[in-house]
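Below is one structure; the comments refer to it alone.
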Amino acid sequence: GVSLLSAWTGTSYVYASGTSMATPVTSGTIALIKSQHPSYTVAQVRNALVNTAKDLGKRGFDTSYGYGRIDAYSAVNY
C-alpha cells in the first residue's frame, strides 16, 4: 500500500497507511469540493472523488487501493 510520512506521538515521524491516514485527506478534499460546488449532492461529491482518483493496483476498485489515490485538484475541478 501507499504510506505517508506522519507525525507520531512525541517528536518522531513514521510512515503509516490505512484508513487513519486516508480519512483526513478524503475529508479535506470533500471540504474543498463543497467550497467550490456548494450545491453538489452527496452523490456528486462521491462521483468527483471516484472518477478523478488515480487508479492503483488492479484496474478499477480493488480491496488494496479502493478507487485509487485522491487527486484533489481534479476532484475540485470535476
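The values are calculated or read from the model by the stated rules, or taken from the named source; none is laboratory data. If you're wondering where the values come from, they're calculated on a predicted model, not measured in any experiment. Cβ: placed from backbone, ideal geometry, glycine included. Neighbour counts: every protein chain shown. All accessible areas refer to the heavy atoms of the entire protein, side chains included, with ligands and DNA or RNA removed. Shrake-Rupley method; radii C 1.70, N 1.55, O 1.52, S 1.80 Å.
Of note:
- Among residues of segment 63-78 being part of a loop (DSSP other than H, G, I, E, B), touching a residue at least 24 places away in the same chain (Cβ under 8 Å) and under 14 Å from I30 (Cβ atoms), the one that is most open to solvent (accessible area, probe 1.4 Å) is Y78.
- Scanning segment 9-62 for residues that are assigned to a loop (DSSP other than H, G, I, E, B), open to solvent by 80 Å² or more (accessible area, probe 1.4 Å) and either charged (D, E, K, R) or closer than 17 Å to Y73 by Cβ (or both) returns K58, R59.
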